[in-house]
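Data block below; observations after.
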Amino acid sequence: MRKEYFIILVAALAIIAILAFYTTSEKPLTDKRVAIIIFDRYNPIELEAAEKISENYTIIAADRINRDYDIYIEDMNLKDIGQYDALILIGGSGVYDRVTGKIDDPNMEKVIELVKEANRQGKIIGGICAAPAILAKAGILNGKEATIYPGLEYILTENGAKYVKRDVVVSGNIITAKNPNVADEFAKAIAEKLGR
């Protein structure tokens, strides 16, 4: 008899734990369509925060990476960006090496063209960590306030942006953030701009 009660108790606790997990797990911040661009050596904390913005996201690999993705950058047409409400660029050491010239990546030009097209179409555009440098090089930060990973401020100013020393900066349709420590704040700012 005691063994049966023990089994029932364990089963009940397991059900409670499962229900607690599902009721406390984070819900997407919006239902809008989001495109997320990642390079090799992307920052996983930043990507995880971006994935929380919406369940309706597409991962675009800007080069060959060791994870699943939805589309490779070379297979993307510029007009494809029209199907998304936001374009988010994730940072990390792979982006840092590209924007500082340590890696010469021909795919960077395609990313810059996608950023320009997203901006022409009035999409919400986000860049975190070193990725705001790509936005600056695309020319879409000219005259706008932005932040970036410490040490890369010169890329913003050289490309006409107004560097501000804040964690997250919203300037029109563009949101920038300085590092992975503020990834959740960055994601929330994008979601707020997108709305439900």
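Hey, could you check segment 146-166 for residues that are part of a loop (DSSP other than H, G, I, E, B) and touching a Phe, Trp or Tyr at 6+ places or on another chain (Cβ under 8 Å) and say which is surrounded by the most Cβ atoms within 10 Å (Cβ to Cβ)? In this case the residue turns out to be Ile148.
Could you please let me know if Ala183 is surrounded by fewer than 24 Cβ atoms within 10 Å (Cβ to Cβ), under 20 Å from Ile38 (Cα atoms), in contact (Cβ under 8 Å) with a residue 12 or more places away in the chain and among the small types (Gly, Ala, Ser)? No: the conditions fail for Ala183.
Restricting attention to segment 167-180 and to residues that are among the aliphatic types (A, V, I, L, M) and without any contact (Cβ under 8 Å) to a residue 40 or more places away in the chain, the residue that is most open to solvent (accessible area, probe 1.4 Å) turns out to be Val170.
Can you tell me which residue within segment 68-84, out of those that are in a helix (DSSP H, G or I) and not acidic (Asp, Glu), is most open to solvent (accessible area, probe 1.4 Å)? Step through it out loud before you land on a result.
Start the filter on segment 68-84 by keeping residues that are in a helix (DSSP H, G or I), which leaves 73-75, 78-83.
The next check asks that each one be not acidic (Asp, Glu); those that pass are 73, 78-79, 81-83.
On the way: Ile73: 0, Leu78: 56, Lys79: 148, Ile81: 3, Gly82: 37, Gln83: 88 Å².
Among residues in segment 68-84 that are in a helix (DSSP H, G or I) and not acidic (Asp, Glu), the one most open to solvent (accessible area, probe 1.4 Å) is Lys79.
The residues of segment 96-145 that are hydroxyl-bearing (Ser, Thr, Tyr) and part of a helix (DSSP H, G or I) amount to a single one, Tyr96.
From the set of residues in segment 109-122 that are more than 15 Å from the chain's Cα centre (by Cα) and open to solvent by less than 30 Å² (accessible area, probe 1.4 Å), which is nearest to Thr176 (Cα to Cα)?
Step one: list which residues in segment 109-122 are more than 15 Å from the chain's Cα centre (by Cα), which gives 109-110, 112-113, 116-117, 119-122.
If we keep only those that are open to solvent by less than 30 Å² (accessible area, probe 1.4 Å) as well, we get 112, 117.
Details: Ile112: 16, Glu117: 18 Å.
Per the criteria, the residue is Ile112.
The values are calculated or read from the model by the stated rules, or taken from the named source; none is laboratory data. Computed from a predicted model, the values in this text were never measured in an experiment. Note that each Cβ is placed from the backbone with ideal geometry, even for glycine, and that neighbours are counted across all protein chains shown. Heavy atoms of the whole protein, side chains included, go into the accessibility calculation; ligands, DNA and RNA do not. Shrake-Rupley method; radii C 1.70, N 1.55, O 1.52, S 1.80 Å.
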